[in-house]
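Nothing in this text is a laboratory measurement; each read-out follows from the coordinates by a stated rule. Just so you know, these numbers come straight off a predicted model, no measurement behind them. Cβ atoms come from the backbone with ideal geometry, glycine included; neighbour counts cover every protein chain shown.
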Amino acid sequence: MSEPNKSRIYYQTSPDGVVVVKDGTRLAVYRSTEELIETHIKGLLAKDQQDTRKVREILRSYRPSDAISGRD
């Protein structure tokens, strides 16, 4: 039997996605692992008040195929 207030991250298949559950409440569903990582990094940087250049550097390391330009 599962615990009702359990926190976890899991994959779902219909529709495909990554689900984040905290204390038994579904917080978010992301289309992919990459989207989860990107959102998390952006949130951390916003919380720490980093500049957009730093955001681009970190995103490039996780999504090198994206066309993240030097333009704002």
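Extending 7 Å from the Cα toward the beta-carbon at both E34 and D16 defines two label points whose distance is 1.1 nm.
Stretching the chain fully between D23 and S61 yields a gain of 10.6 nm (0.36 nm per residue, less the alpha carbon separation).
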